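Here is the structure we will look at.
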Amino acid sequence: MKQVSVLLMTLFLAGCGFSGIMPEKYDGEALEINEEAAELYEQDNKLLHAGMEDRFHFLNATVESTADETGEAVTISSGSYEIGEDIEEGRYRIGGGDTSAGALVTYDPEGTRLIEIAMGIFTSDLILNLSDGMQLDYKSRDAEIELVPAEEEMMNAARNESFIIPAGIHEVGRHLETGEYSLVTDYLPVQRADGEKDVYANYSSVSSFIVNEPLLEEEMMDIEELLVTLNEGDMIITEYPITIRKE
């Protein structure tokens, strides 16, 4: 029953895009196993970076730190905004407006994309980390949204209880306690304090969209979890919500 439900949900999500379910692209050639990628996943549950840069944009850049300021509330419409000129530096949440569709994309001062967050029913909460010199693009047909300062506080991570990390950039030791966590859902992108980047993969699980769907809650009890240690200065850089549990 679980497999059928997950399959149906996966097909539903795949069909929600503007172009529908993606066409088949397999060319019929025999598939070759990437031995380096297979070994990295088997030993450390990590993804090989090569070929993943378009899926995890943070692999192309380095986030030096999270914003120090809280910022000021501002309403934006579709367009591009320079941080420090059009929008004050700070950490922001969505305070109001039409969040049923659209996307928010941030670029570092060199113009390298950091994250692209698609808004909708599965991404109702997010954190934008905007520092001077960055660029924010808001892509929407005709909607407006309000950005409001995000409170600078630790996430509520009670031991042995799952919680959701919203899409965005979060610094360990500042927004999330250090320690060991179980990755309940499928991916955890992390930039370590020394600049090294890791993408942990839990192929025994599913996305946060499915795990946190009330209709499937009873069927998700046997999901396997992956243990990950997060240290002071590490950063979680994610384009979608992640479910983890504090050990």
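Please treat every number below as a calculation from the coordinates, not as lab data. Please read these numbers as outputs of a predicted model, since none were measured by experiment. No Cβ is skipped: glycine too gets one built from the backbone with ideal geometry, and neighbour counts run over all protein chains shown.
Among residues other than Glu177 with Cβ under 14 Å from its Cβ, the summed charge is -3 (Lys and Arg +1, Asp and Glu -1). The simple spin-label model puts a point 7 Å past each Cα toward its Cβ; for Ser100 and Tyr203 those points are separated by 3.9 nm. The modelled label-to-label distance between Thr178 and Glu116, using points 7 Å beyond Cα along the C-beta direction, is 3.6 nm.
For the stretch 79-100, backbone nitrogen atoms closer than 14 Å to the point 7 Å from Met155 Cα along Cα-to-C-beta are found at no residue. Expressed as a fraction of 2.2 N^0.38 Å, the C-alpha radius of gyration for the stretch 74-149 is 0.99. Look at where the Cα atoms of the stretch 154-176 and of the stretch 68-130 average out, and the two centres are 20 Å apart. For the pair Arg93 and Lys139, label points projected 7 Å from Cα toward Cβ lie 2.6 nm apart.
Could you calculate the contour length gain from Met52 to Asp68, that is, 0.36 nm times the residue separation minus the distance between their Cα atoms, to one decimal place in nm? Spell out each step's value before the answer.
Details: separation 16, 0.36 × 16 = 5.76 nm, distance 3.00 nm.
Gain on stretching Met52 to Asp68: 2.8 nm.
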